[in-house]
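A short worksheet on the structure shown next.
Bear in mind these aren't lab numbers, they're just calculated from the coordinates by the rules spelled out. A quick note: this is a predicted structure, and the numbers were derived from the prediction, not measured. Here the Cβ positions follow ideal geometry from the backbone for every residue, glycine too, while neighbour counts run over all protein chains shown.
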Amino acid sequence: MASPNNGKRNKKSQIPKAIVVIYVLMIIVLLGICAGVFIYLFNDLNGGESKSPNSTSSVVIDFSSSTSVVPSPSESGTANSSESVYFTSDSKSEPIIRSTDSSTESSSTSNIIYTPTDTPSESFDRAFFADDLFIGDSIFTGLYLYDGYLDEKNVAAAVGYTPYGAMNKAIDGKGMTALEYAKQTQPKRIFIMLGSNAMSGGDHSGLEESYRELVSRLMGACPDAEICCISITPTARNNDYPNIDNSEVREVNKVIKSLCSELGLKYCDLYSLISDDDGYFREDYAEIDGMHFLGRTYAVLLSELQRIMS
C-alpha cells in the first residue's frame with residue numbers, strides 16, 4: 001500500500017510535464033505563424049517583380065548595318081528587362097540603349113527603331129582623301145578619332161567651332177586657325193561642315209555673312225582647291241540638345257546650299273542621307289547624345305563625298 005506522501009509526489013511531477021507540453025504547442029503555433037507570414041511576403045515580392053503576360057523584352061538585330069547587338073550582362077538575367085544595348089563595331093564607341101519593350105512601343109513613337117529600306121553606301125577609298133582638308137566642329141574630330149578613317153593632319157576641327165571661329169580661333173595641337181592651316185597645307189579639296197554652333201533661333205544673317213567670308217578667304221588662300229560645303233545634320237528624336245531645332249537646321253542648310261550655288265561650290269546634302277521620314281537623325285547613325293556620329297556615319301559621309309567629287 002502506497003503512502004500518502006508518494007501520491008503527493010506523483011501529482012507534483014505531473015505539473016511540470018503539462019507546462020512543457022503547453023510551451024511546445026505555443027512554439028509550434030508561433031513557428032507556423034512566422035512561416036505563413038514569410039511565405040506571404042515572399043509571394044508578394046516575387047509577384048511584384050514579375051512581368052505581365054502581355055509585356056515582352058527583345059533583342060533587336062539590324063542586319064542592314066554594321067552594328068552588332070548584345071544584351072548587357074546586368075540585363076541578361078533580369079526578368080523585367082525592357083532594353084537592348086547596342087555596341088557598335090567601333091572600339092571607341094559607347095553603347096547605345098534603346099527601348100524595345102512591346103508594352104510601350106505602341107503608345108510612344110520615341111521607341112521606334114528606324115530600319116532603312118535603302119541603306120546609303122559605306123564604301124570609300126581612304127587614299128582618295130589623302131591630300132584633302134576637313135574643316136568642322138566636334139563632329140569632324142571623329143574623322144581621326146575613329147581608327148581607319150582619316151589622319152589628324154587632314155582635319156582642322158574643334159569643339160564649338162563656327163565659321164567665325166575657323167577664321168579667328170586657333171585649334172589645339174595645331175597652334176593656328178583652320179584658315180591658316182589650310183593656307184599652310186594647300187589641300188587638294190576642302191570640305192566644310194559648320195553652323196550648328198552658330199544658329200541663333202531665326203536670324204541667320206550673321207551666320208551667312210561669316211560663312212561667306214570664310215569660303216571667300218579659303219578660295220583666296222587656296223586658289224587650286226575644290227571646296228565642298230556639307231549640310232548641317234539633324235538631331236535624333238531623343239537628343240541632348242533642346243536648343244537645336246531641325247526645322248531651323250533645314251533653313252540654315254538652304255542658306256548654305258544657295259551660297260554654294262552662287263559661288264560655284266559643291267554641296268553635299270548629308271541631312272537627307274542620314275535622316276528618317278520625319279526629318280530626325282536616324283538612330284542607327286546617331287550617337288547616344290542624338291547629334292554626334294557613330295563610326296559608320298563617317299563612312300556614309302566619306303562615301304558620299306567621294307561620289308560627289310569623283
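Some observations on this one:
- Footprinting exposure proxy for ILE308, ILE274 (fewest neighbouring C-beta atoms within 10 Å first): ILE308, ILE274
- Taking amide H positions as modeled 1.01 Å from N, with prolines and chain starts lacking one, the residues under 5 Å from GLU287 and 5 or more places away or on another chain are HIS292, PHE293, LEU294.
- Under a model in which nothing but the beta-carbon of Lys, Arg (+1) and Asp, Glu (-1) is charged, the range 213-252 shows a dipole of about 80 debye around its Cα centre.
- Among ALA236, ILE135, VAL249 - extreme Cα towards positive end, dipole of the range 126-309, charges at beta-carbon: ILE135
- 3J(HN,Hα) along the range 257-274, derived from phi through the Karplus expression 6.51 cos²θ - 1.76 cosθ + 1.60 where θ = phi - 60°, amounts to 5, 5, 5, 4, 4, 5, 9, x, 9, 6, 10, 10, 8, 5, 3, 5, 6, 10 Hz, with x in place of Gly and Pro.
- Cα-based shape type of the range 194-310, given that a ≥ b ≥ c are square roots of the gyration tensor eigenvalues and the cut on a/c is 1.5: oblate
- For the range 185-298, the Cβ-based charge dipole about the Cα centre amounts to some 520 debye (Lys, Arg positive; Asp, Glu negative; other atoms uncharged).
- Listed values for the range 19-27 are Karplus-derived 3J(HN,Hα) couplings in whole Hz (6.51 cos²θ - 1.76 cosθ + 1.60, θ = phi - 60°), namely 5, 4, 4, 4, 4, 4, 4, 5, 5, and x replaces Gly and Pro.
- Taking 0.36 nm per residue of separation and subtracting the Cα-Cα distance, full extension of the segment from VAL21 to MET309 would add 93.8 nm.
- ARG282 long-range amide H proximity, modeled H, under 5 Å: SER275, ASP276
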